[in-house]
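Since the structure comes first, as structure tokens, the remarks are kept for the end.
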Amino acid sequence: MMVGGKRAYWREGHCLFFDDTYEHWAVNNTDELRAVLFMDVLKPLPRPLNWLNYFIVYTSRVFPYVFIPWFRHKRWEKKFFI
């Protein structure tokens, strides 16, 4: 995997966490399946940009591509934990 021009390697039993705002690419040269977990992390920014960042993140919850998967997951959780 390359992230921001630097090579990064994943090792069994370890996590690889990187900022995907940098140019990156990855190749899985094995016959094994690979699972990827995407996480949004709010970056510390100067005050006006920080407010804009929070606004975008919290208002994005009303859009169908965010709300529908979240709603489906909550429905699945209810079935799973009962």
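Just so it is clear, none of the values below were taken in a lab; they were calculated from the coordinates. Since this is a predicted model, take the numbers as computed values, not measurements. All Cβ positions, even for glycine, are placed from backbone atoms using ideal geometry, and neighbour counts span all protein chains on display.
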Exposed-loop cut sites defined as chymotrypsin sites (Phe, Trp or Tyr not before Pro) in DSSP loop states with at most 10 other Cβ within 10 angstrom; longest site-free run of the chain spans 39-80
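Could you tell me what a quarter of the Cα convex hull surface of the chain works out to, in nm² with one decimal place? Write down the numbers at each step before the final one.
Details: hull surface 34.6 nm².
Across all orientations, the chain yields a mean hull projection of 8.7 nm².
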Phi angles of the stretch 73-81, converted by Karplus (6.51 cos²θ - 1.76 cosθ + 1.60, θ = phi - 60°) into ³J(HN,Hα) in whole Hz with x for Gly and Pro, give 5, 4, 5, 4, 4, 4, 5, 5, 8
